[in-house]
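First up is the structure itself, then whatever we jot down about it.
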Amino acid sequence: MALPMIREIFTQLFRTPATNQFPARHLPKSVTEFLKKVGSGEARMIPPVATPPAFRGKIQYDRDGCIGCKLCLKVCPAHAIEFIPETKRVRIYVASCIFCGQCNDICPKHVLTMSDEFLLATEDRFAENQIVE
Amino acid sequence: MLTVILQTVAAAVAFSVIGIVVGLFLLGIDRRISARMQARIGPILIQPFYDIRKLFSKDNIVPENAIPSIFHAAPIVALASSIIVLLYLPIGSMMPILGGYGDLILVMYLLAVPSLAMVAGGFASGSPYATVGSQREMVSMIAYELPLASAVIAIAWLLYSSGISDPFTLQAIVENPVWTLVGPIGFIGLVVLMLTLAWVTPAELSKIPFDSPEAETELAGGLLVEYSGKNLGLFTVAQGVKTLVMGGLAVAIFFPWNISPLLGLSSYAALAVDAVFFFLKVVLLMIISVTAIRTGLARFRITHVVTIFWVYLGLAGLLGLSLIILDSVVMGVL
Amino acid sequence: MSDEMKKKPYVVPIGPIHPALKEPVQFLFEMEGEVVKKADFAPGQTHRGIEWMGMRRNPVQIVHLTDRICGICGVTHSLSFARAVEQIVDIEVPARADYIRVIIAELERIQSHLLWAGVAAHELGFDTLFYLAWRVREDSLDVIENITGNRINYGLVQIGGVRRDITPEQHPVIHKCLDGYRDLLGKMLNLFLHDTTISIRCKDTGKLSFEEALHLCTVGPTARASGVVKDVRVDYPYAAYGDLDITPILPSAYGGEINGDVYDRIVVRLLEIEQSIGIIETCLKEMPEGGIIWEPKLPKLLAACKKAHGEAIGRHEAPRGECTHYVAMDGNEAPAMWKVKASSYSNLHSWIPMLEGEQLADVPIIVASIDPCLSCTDRVAVVRGNSSDLLTKEDLHRLSVEKTRRIQGC
Ligand code: SF4
Ligand code: SF4
């Protein structure tokens, strides 16, 4: 009877766990409270696993450079981009965006870019940070 | 007489409460250590208490084609019988409360009751998963009874042949550590018996690799599948108490020594220190024979469970028994 | 347990939602005691209408939709789809892009097989091994994230090439991960193949004979574990696979006979991880310089696709076996037809011979052993009113004849 795992679990027992304790060691009573405290410097947040250089996170839009050519609308698979005729600018709904970055590739002015921000979970699809314009 | 009864009842109630708390702690330790073995952090030690609080705040859901009376009785019987066994256990230097009213044989039977209650509850749930789970539980109960019985008989026989009166009481076992009664051959026999019991423990507690009656990935919880809320909470508490009982039994039989004589303590201090020491021994045994095994092995099929207990461990139990008998024969000749 | 009770056949349903199933599918087992006498299953519980969405989008958009057909095979579907469109539009993919496609496809195979190994361990009740496999899987996901910008939905393949190059700075990152896996592989093989509790559960369990594997048209590791030498990368080389020296892996590569049981499927998948490591290393070494995409200007690419007429099939050896995409374009932005056949579709039917006669306890591991990917497979759900119809082969034939007549206008 060979049980190679038994040896493995006892070596494991004396090592530090592999878990990344993001954002805190134990679930805070209220996450919003905790984040507020982190913002004011009262609490410390254990950072998430670092993102690589060309990570595709929340979309960024440089409104002033945009020429309103609507090319980004043409390739967006998720129909996450809306064209506002009055201002000739676009509005991106992050809740619909699938982070493909295809609009970045086609934009002739390179005004659309992907940031490394990924903590975007929310209950409100139309919250302020869910709309980029 | 009346005061004796009252005292016993009061002690029993106190013991039950302590037993439940300690049992739940044991579950917490088990989960934590198992998590560390898997390179996880694991829940805090008092997580089982939170779980129980949550379960008790929920309603019982009774399936339509269940037999409600049996369905509801099963968890209560399981918990009650586990607690009763606890009252037969010597804890540290404290003698068992019910020590005078039964012996090891009774304890063995009582140990089977929680499992039987679960089987009854499973059959009464009216779910095919629970039915399959109950059938498997019955099969595995029959399977591990052979090695368990041979170990118990061996130890009683050892005490009997050493001329100790009441060889079947736990008190006698604790007062005469088995290791001191044997020669070299019997020592090997005792080691074999100890290892056998170490494998019976996870089966008795329905843990991996012997958890085929519950088998999450096959039967979705098996005989417990229809249980929820308070009833499931009762089963969890019973599981905790049972873990304590199994650990305590092993400690009583194989590691009955206390630490207070070494420290030169007496009276209440000795009782407390010994109780803590007893608990530590139980934790250590549990980690080795439950946590490590359930973390380091895959689940057996029910057919494997039967083969393992009837053939391998059954033989091991009988081997231990014969070695002990042989030992006393040899010793008797010398 | 009385004999009568044991003998009476009873039905155990598993699914559509059950802890043993990672995705919805329904099984019905007729049991005798613990033994499965008859097995049946009903897929189609998780149809999402992706093809419908695709037929309303242009190929550049669809590429990202294909990424999301499967949560594990990110590149499989986009590569198959892109290859179909490239054939229709007559696009020549730059050689460097072909190598990058192979690298990412093999990284995907590594992470997919590790994921499967973890799931298999979990089905066996061996959660420790499950955690271990998924923990080491993270390394490959990190490398994939580094190359493509995302862990799961890579978005790397584009019609006519790839969207991102592999820069010299990324080479050490990839090599470090591969070396780590090389070291680890011995340990994984030991933990999976030499653990008694695993081998008694997996050996001679869920057997699929060579003939059955052939007749049921199984693909990928499921077929190879039964001794069928079948691998799209070798049989119909595409991308850079033609330049590489690959032999399909059979369980006999680990010594011993080919049984076609669950154990053999573990062997094949673990050894394929090793094979993929070698392939990636070769590709990194031999990758030619040059462009990575046929037409970097996307509007031009879209215009070229819009003009194209024709139909084609793109295929790729996914971690689970051959995956095909059929695309037909008729001069519109969106394709006229897009049909996906995921690898699991070919493998599902092997469940029946594998499951019948086995113990109920082994159902989860047998079901998992073909590495089923059901949401990728479910393409049709026929529901009319409140009743769902089952279409037989004859019905389907009649319907397609009728449709052809209709199109021909007669
Ligand atoms: S990243 Fe993709 S989904 Fe998001 S807005 Fe751009 S094109 Fe649309
Ligand atoms: S493609 Fe770029 S420039 Fe054109 S509308 Fe979109 S954001 Fe503006």
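The values are calculated or read from the model by the stated rules, or taken from the named source; none is laboratory data. As the structure is a computational prediction, the values presented were derived from the model and not from experiment. Please note: Cβ atoms are built from the backbone with ideal geometry, for glycine as well, and neighbour counts cover all protein chains shown.
Only a single criterion out of (1) among the hydrophobic types (A, V, I, L, M, F, W, C); (2) closer than 27 Å to A:P47 by Cβ; (3) more than 8 Å from ligand 1 (Cβ to nearest atom); (4) within 14 Å of chain C (Cβ to nearest Cβ) is not satisfied by A:M114, namely (3).
Within segment B:128-148, does at least one residue satisfy the condition of being of a type outside the set (V, I, T), under 27 Å from B:F277 (Cβ atoms) and touching a residue at least 24 places away in the same chain (Cβ under 8 Å)? Let's see the steps before the verdict.
At the first step, the residues of segment B:128-148 found to be of a type outside the set (V, I, T) are B:128-130, B:133-138, B:140-141, B:143-148.
After this cut, where a residue has to be under 27 Å from B:F277 (Cβ atoms) as well, the list is B:148.
Filter once more, so that each one left must be touching a residue at least 24 places away in the same chain (Cβ under 8 Å): B:148.
Yes: one or more hits.
Here is a yes/no grid of residues against (1) modelled with pLDDT of 85 or more; (2) within 19 Å of A:Q130 (Cβ to Cβ); (3) in a loop (DSSP other than H, G, I, E, B); (4) within 14 Å of chain C (Cβ to nearest Cβ):
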{"site": "A:A24", "(1), (2), (3), (4)": "no, no, yes, no"}
{"site": "A:P28", "(1), (2), (3), (4)": "no, no, yes, no"}
{"site": "A:T32", "(1), (2), (3), (4)": "no, yes, no, no"}
{"site": "A:R44", "(1), (2), (3), (4)": "no, no, yes, no"}
{"site": "A:T51", "(1), (2), (3), (4)": "yes, no, yes, yes"}
{"site": "A:R56", "(1), (2), (3), (4)": "yes, yes, yes, yes"}
{"site": "A:D64", "(1), (2), (3), (4)": "yes, no, no, no"}
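Would you pick out the residues in segment C:151-210 that are surrounded by fewer than 18 Cβ atoms within 10 Å (Cβ to Cβ), among the hydroxyl-bearing types (S, T, Y) and within 28 Å of C:A82 (Cα to Cα)? Within segment C:151-210, just C:T167 meets the criteria. Just one of the listed residues (A:F83, A:F10) is more than 20 Å from A:T122 (Cβ to Cβ) and more than 16 Å from ligand 2 (Cβ to nearest atom), namely A:F10. The helices (runs of 4 or more DSSP H) located wholly in segment B:40-152 that include 1 or more residues which are among the aliphatic types (A, V, I, L, M) and touching an Asp or Glu at 6+ places or on another chain (Cβ under 7 Å) occupy B:104-124.
Could you identify the single residue in C:G220, C:G161, C:G255, C:G227 that is on the phi > 0 side of the Ramachandran plot and either in contact with a Ser or Thr (Cβ under 7 Å, 6 or more places away or on another chain) or outside the structural domain of C:V136 (by TED's automatic domain parsing) (or both)? Step through it out loud before you land on a result.
Details: C:G161 fails: either in contact with a Ser or Thr (Cβ under 7 Å, 6 or more places away or on another chain) or outside the structural domain of C:V136 (by TED's automatic domain parsing) (or both); C:G255 fails: either in contact with a Ser or Thr (Cβ under 7 Å, 6 or more places away or on another chain) or outside the structural domain of C:V136 (by TED's automatic domain parsing) (or both); C:G227 fails: either in contact with a Ser or Thr (Cβ under 7 Å, 6 or more places away or on another chain) or outside the structural domain of C:V136 (by TED's automatic domain parsing) (or both).
The conditions single out C:G220.
Those residues that are assigned to a loop (DSSP other than H, G, I, E, B) and touching a Lys or Arg at 6+ places or on another chain (Cβ under 9 Å), I need them from segment A:4-18; list them, please. A:F14, A:R15, A:P17, A:A18 - these are the residues of segment A:4-18 that are assigned to a loop (DSSP other than H, G, I, E, B) and touching a Lys or Arg at 6+ places or on another chain (Cβ under 9 Å).
Just the residues that are touching a residue at least 12 places away in the same chain (Cβ under 8 Å) and more than 13 Å from B:T295 (Cβ to Cβ), please, taken from segment C:116-133.
Taking segment C:116-133 and keeping what is touching a residue at least 12 places away in the same chain (Cβ under 8 Å), we get C:116-121, C:123-124, C:126, C:129-133.
The answer is C:W116, C:A117, C:G118, C:V119, C:A120, C:E123, C:L124, C:A133.
The set of residues in segment A:66-94 that are part of a loop (DSSP other than H, G, I, E, B), more than 10 Å from ligand 1 (Cβ to nearest atom) and loosely packed, with under 15 Cβ neighbours inside 10 Å comprises A:I67, A:G68, A:K70, A:P85, A:E86, A:T87, A:K88. Kindly list, by first and then second residue, each pair from a residue in segment A:101-112 that is on the phi < 0 side of the Ramachandran plot to a residue that is more than 6 Å from ligand 2 (Cβ to nearest atom) and hydroxyl-bearing (S, T, Y), limited to pairs with Cβ atoms under 7 Å and residues at least 6 apart or on different chains. What qualifies is A:N104/A:T113; A:V111/A:Y61; A:L112/A:Y61. Those residues that are in contact (Cβ under 8 Å) with a residue 40 or more places away in the chain and of a type in the set (V, I, T), I need them from segment A:20-62; list them, please. Correct list: A:T51, A:I59. Tell me, yes or no, whether segment C:116-127 has at least one residue that is away from chain B (no Cβ under 14 Å) and either more than 23 Å from A:M114 (Cα to Cα) or not in a helix (DSSP H, G or I) (or both). Yes, segment C:116-127 contains a residue that is away from chain B (no Cβ under 14 Å) and either more than 23 Å from A:M114 (Cα to Cα) or not in a helix (DSSP H, G or I) (or both). Kindly establish whether B:I259 is under 22 Å from B:S81 (Cα atoms), of a type in the set (V, I, T) and surrounded by fewer than 22 Cβ atoms within 10 Å (Cβ to Cβ). Judged against the criteria, B:I259 is not a match. How many of the residues making up segment C:27-51 are farther than 17 Å from C:E356 by Cβ and touching a strand residue (DSSP E or B) at 6+ places or on another chain (Cβ under 9 Å)? Adding up the residues that qualify gives 5.
For segment A:95-133, enumerate the residues that are in a strand (DSSP E or B) and within 14 Å of ligand 2 (Cβ to nearest atom).
Of segment A:95-133, the ones in a strand (DSSP E or B) are A:112-114, A:131-132.
Scanning segment A:95-133 gives A:L112, A:T113, A:M114, A:V132.
Each row is one residue, and each column tells you yes or no for (1) in contact with a Phe, Trp or Tyr (Cβ under 9 Å, 6 or more places away or on another chain); (2) touching a residue at least 60 places away in the same chain (Cβ under 8 Å).
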site	(1), (2)
B:N258	yes, yes
B:Y268	no, no
B:L271	no, yes
B:A275	no, yes
B:K281	yes, no
B:S289	yes, yes
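Are any of the residues in segment C:291-311 surrounded by fewer than 21 Cβ atoms within 10 Å (Cβ to Cβ), closer than 26 Å to C:R224 by Cβ and more than 14 Å from chain A (Cβ to nearest Cβ)? No, segment C:291-311 contains no residue that is surrounded by fewer than 21 Cβ atoms within 10 Å (Cβ to Cβ), closer than 26 Å to C:R224 by Cβ and more than 14 Å from chain A (Cβ to nearest Cβ). The residues of segment C:336-354 that are of a type in the set (A, V, I, L, M, F, W, C) and either more than 14 Å from every other protein chain (Cβ to nearest Cβ) or surrounded by fewer than 23 Cβ atoms within 10 Å (Cβ to Cβ) (or both), listed by number, are C:A336, C:M337, C:V340, C:A342, C:L348, C:W351, C:I352, C:M354. Contact annotation: residue pairs with Cβ atoms under 6 Å, 6 or more positions apart or on different chains, pairing a residue in segment C:355-368 that is within 11 Å of another protein chain (Cβ to nearest Cβ) with a partner that is surrounded by fewer than 21 Cβ atoms within 10 Å (Cβ to Cβ) and among the charged types (D, E, K, R), are C:Q359/C:E34; C:L360/C:E34. In this structure, does B:I18 turn out to be without any contact (Cβ under 8 Å) to a residue 60 or more places away in the chain, within 14 Å of another protein chain (Cβ to nearest Cβ) and among the aliphatic types (A, V, I, L, M)? Criteria not met by B:I18. Of all the criteria given as (1) modelled with pLDDT under 80; (2) not in a helix (DSSP H, G or I), the one not satisfied by B:R299 is (1).
Annotation: of all residues in segment A:10-22 being within 22 Å of the chain's Cα centre (by Cα) and at the interface with chain B (Cβ under 9 Å from one of its Cβ atoms), the one that is farthest from B:I41 (Cα to Cα) is A:Q21.
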